[in-house]
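Working notes for the structure below.
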Amino acid sequence: MVDAEALTAWVREFARLVHEQRDELTRLDSAIGDADHGANLDRGMTAAVAALDAQSAAGPAAVLKTTATTLIKTVGGASGPLYGTFFLRAAGALDGVPDPTDPAALARAVRAGLDGVVARGKAERGDKTMLDALGPACDALDEALAAGKPLDEALGAAAQAAADGRDATEPLVARKGRASYLGERSAGHVDPGAASATLLVQAAATALAGRG
Amino acid sequence: MVDAEALTAWVREFARLVHEQRDELTRLDSAIGDADHGANLDRGMTAAVAALDAQSAAGPAAVLKTTATTLIKTVGGASGPLYGTFFLRAAGALDGVPDPTDPAALARAVRAGLDGVVARGKAERGDKTMLDALGPACDALDEALAAGKPLDEALGAAAQAAADGRDATEPLVARKGRASYLGERSAGHVDPGAASATLLVQAAATALAGRG
Amino acid sequence: MPVGLVVVSHSRALADAAVELARGMLPGREQVIEVAAGDVDGGLGTDATAIADAVTAADSGDGVVVLMDLGSAVLSAETALELLDDDVRERVVLSPAPLVEGLVGAAVTAAAGADRDRVAAEALRGLAPKQAHLGG
Amino acid sequence: MPVGLVVVSHSRALADAAVELARGMLPGREQVIEVAAGDVDGGLGTDATAIADAVTAADSGDGVVVLMDLGSAVLSAETALELLDDDVRERVVLSPAPLVEGLVGAAVTAAAGADRDRVAAEALRGLAPKQAHLGG
Ligand SMILES: Nc1ncnc2c1ncn2[C@@H]1O[C@H](COP(=O)(O)OP(=O)(O)O)[C@@H](O)[C@H]1O
Ligand SMILES: Nc1ncnc2c1ncn2[C@@H]1O[C@H](COP(=O)(O)OP(=O)(O)O)[C@@H](O)[C@H]1O
Ligand SMILES: [Mg+2]
Ligand SMILES: [Mg+2]
Ligand SMILES: [Mg+2]
Ligand SMILES: [Mg+2]
């Protein structure tokens, strides 16, 4: 059952991974950006966890909404409005749904979040952004659930798809965000947002395991 | 004889008039600009006089060159590079001339200065700028000298032409400089630069009187 | 009531200096120019909730023109619109004008009482004098 | 040697903040960015002699791209060229690009070793990402 507690666990696990990978994310951003992605997202996710801790018992949508508004406020860089919009739209998709704890509802929420990232950032897959990890992850989740796979397995497939998508950003030329200023010189480096988006999906696989 | 001493007297008299009219120039600039023209030009001309005082005996071109570089450095606003270019080009026109003290040489120098203001500011007459006073003044000076008038009389005519040109800026819509941001709303006010340019020509009429 | 302006920048110092420059064009005149700049810690960054607050403060009912520096400032401004009520949101224009040059033109035009579309159009013309002069 | 950049503004605070923003795009990379901003007293204004000095300091032989805010900054920059030697002058481009947005693009491009014309072209493209995103 993907309830508020499960979603909170997901957010916490994402925060933990971001904190652990903070220097690596910043290192990636120093090659093709402004060397702040790890610091940005660690600040944002630490604040999100604190906001959830301070919040009294809330429904699934509220957990994601609090995460969204905290990220929007505290991240500072492009990943703030982008992850913020992801969680905001995901929260919207859970709101008022008869059974928000159903795995299919989670998949729809994640898809709505992805669509939000696209609407906000106007990137396409292949532009060397977080979308290159998030997009394939969403597709893999949907496919696995459609094929009747349990949530655990579906999230595992999504995490693998995210990691593959992240790795595939390395040879790409950035067409969105700061890295796009580098033109051809952005090739040869993994996109920091694709790396953090992979952590987001891995966190779901870990935190939501056994909740399907 | 319009020698270095006479030109120094001209610069001093201009500085005196600017200082006297400082508040009026600023008042004009507050209507259609940023309320600093009097302060800008007073600072610049005070510095120019100080620079001339500090300079040991110099030729006519050097007097104008020192005035130019001091204005360029100290005025701060658009009138700095414009009056700076006026004096720089005027200095250039006197440089190496067989008899720089001849009234015709003065007229050529002033014309070169005017051309410099046009080259720098790319304004045309009627754009509601200092050109609307300086241009007619130059024309009047040339005409009077060509008609065989003495320098005194020619400079008097130039001063009158400048004042008329200044007054005629009132109904105009500004097409150059800060005032142009106001569009139609710039009409109904005298241009501050046309007012200070009139002081420049009046200063010549006063300081060079009896030197022809 | 005149159109309000909001300056969104990664840098608080940049936004404040741009506002000072624009206010120099308005001696003795009033104009609402709100700033939303810097991240929560005062470093380089943008904060959509601060932008939403600035828009709300700048809005007197006749609309708001928002100027942004670049990149995530634009994403944050769009996100800020998502946080605002529908009726406020539809009075807001996010302008792709050059931040500094556009702000000066927008400020002069807004202070003269022009409507939102004219203020936004003037912001977009921000580079025109420079381009005309340099022939670029 | 990379192309040098010069930022000319009425406001020292504005120029310094714009440079800080641009340098944020260059973690660990070097780039010459000189500032000539403010009047002699530190107030709002420009000083052609300071601009000439900044251009001289920024020039390593491969040229300089100068970005200006507006109005008299452009006139002062042109006057500065008049104060420079002919050989330096012909290596200098006065760019009509948007100050902040153009500087960021120019800085990234110059730091990557592009020649003067490419740096100037990138400065001119400064608004492109914002316009593409906002559809302006
Ligand atoms: N328009 C966009 N669409 C999708 N993702 C984007 C976009 N712009 C930037 N990103 C992502 O954001 C990441 C950078 O985030 P961050 O470093 O926190 O922001 P900033 O670039 O403002 O410093 C990039 O690696 C990329 O994945
Ligand atoms: N392009 C130009 N050509 C000729 N004169 C100009 C031009 N731009 C401005 N001026 C003159 O400069 C005057 C303003 O000078 P000042 O107030 O010292 O500069 P700023 O406008 O930079 O504050 C105007 O009144 C106008 O006469
Ligand atoms: Mg970054
Ligand atoms: Mg950043
Ligand atoms: Mg002025
Ligand atoms: Mg001024």
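Any read-out appearing in this document is the output of simple, stated calculations on the displayed coordinates, not a laboratory observation. For clarity, every value in this text was computed on a predicted model and none was experimentally measured. When we count neighbours, we look across all protein chains shown, and the Cβ atoms used for this are built from the backbone with ideal geometry, even at glycine.
Below, the figures for the structure above:
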{"item": "Sorted by Cβ density within 10 Å, fewest first, the residues C:VAL108, C:VAL93, A:VAL97", "result": "A:VAL97, C:VAL93, C:VAL108"}
{"item": "Per-residue HN-Hα couplings for region C:45-51 [Karplus 6.51, -1.76, 1.60; θ = phi - 60°; Hz; x = Gly/Pro]", "result": "x, 10, 9, 4, 6, 5, 5"}
{"item": "Mean ellipticity per residue at 222 nm, deg cm²/dmol - from DSSP H runs of n ≥ 4 across chain A, formula -39500 (n - 2.57)", "result": "-23000 deg cm²/dmol"}
{"item": "Kirkwood Rh, Cα atoms: Rg over Rh of region D:4-134", "result": "0.95"}
{"item": "Translational D in µm²/s for the protein assembly as shown (Stokes-Einstein at 25 °C, 0.890 mPa s, Kirkwood Rh from C-alpha pairs)", "result": "89"}
{"item": "Residue exposure sequence - B:SER180, B:SER56, C:SER76 - by fewest surrounding Cβ within 10 Å", "result": "B:SER56, B:SER180, C:SER76"}
{"item": "Nearby lysines by direct alpha-carbon distance to B:LYS65 (threshold 24 angstrom, same-chain neighbours under 8 apart not counted)", "result": "B:LYS73, B:LYS122"}
{"item": "Axis-nearest residue of B (beta carbon) for the B-onto-A rotation, whole Å", "result": "B:TYR181, 16"}
{"item": "For B:LYS65, B:LYS128, order by how many other beta-carbon atoms lie within 10 Å, fewest first", "result": "B:LYS65, B:LYS128"}
{"item": "Region B:129-210, Cα convex hull volume normalised per residue, Å³", "result": "65"}
{"item": "Spatial separation of Cα centroids for region D:42-107 and region B:27-99, in angstrom", "result": "21"}
{"item": "Separation in nanometres of the label points that stand 7 Å from Cα toward Cβ, at C:ASP115 and D:ALA57", "result": "4.9"}
{"item": "Longest exposed-site-free window of chain C, the sites being GluC sites (Glu not before Pro) in a DSSP loop that have at most 12 other C-beta atoms within 10 Å", "result": "C:31-89"}
{"item": "Degrees between helix B:151-168 axis and first principal axis of chain B (Cα, 0 to 90, nearest 10)", "result": "10"}
{"item": "Computed helical MRE - 222 nm, chain D, DSSP H runs ≥ 4 contributing -39500 (n - 2.57), nearest 500", "result": "-15000 deg cm²/dmol"}
{"item": "Stokes-Einstein D (µm²/s) once Rh is taken as the Kirkwood radius of region B:87-152 over alpha-carbon pairs, at 37 °C in 0.692 mPa s", "result": "265"}
{"item": "For region A:4-207, size of Cβ-based charge dipole, Lys and Arg +1, Asp and Glu -1, in debye", "result": "640"}
{"item": "Long-range amide H partners of D:GLU34 with built H, under 5 Å", "result": "D:LEU5, D:VAL6, D:VAL7"}
{"item": "Shortest-first nm distances, A:GLY188 label point to equivalent points in other copies (7 Å, Cα→Cβ)", "result": "6.3"}
{"item": "Spin-label model distance (nm) - B:GLU124 vs C:ALA128, 7 Å beyond Cα toward Cβ", "result": "1.7"}
{"item": "Only Lys, Arg (+1) and Asp, Glu (-1) charged, at Cβ; region A:88-212 dipole about Cα centre in debye", "result": "500"}
{"item": "Bins of 10 Å from zero: percent of alpha-carbon pairs in region B:4-207", "result": "10, 38, 38, 13, 1"}
{"item": "Extension gain, B:SER56 back to B:GLU184 (0.36 nm per residue minus Cα-Cα distance, nm)", "result": "41.2 nm"}
{"item": "Within region A:72-159, GluC sites (Glu not before Pro) in DSSP loop having at most 13 other beta-carbon neighbours inside 10 Å", "result": "A:GLU124"}
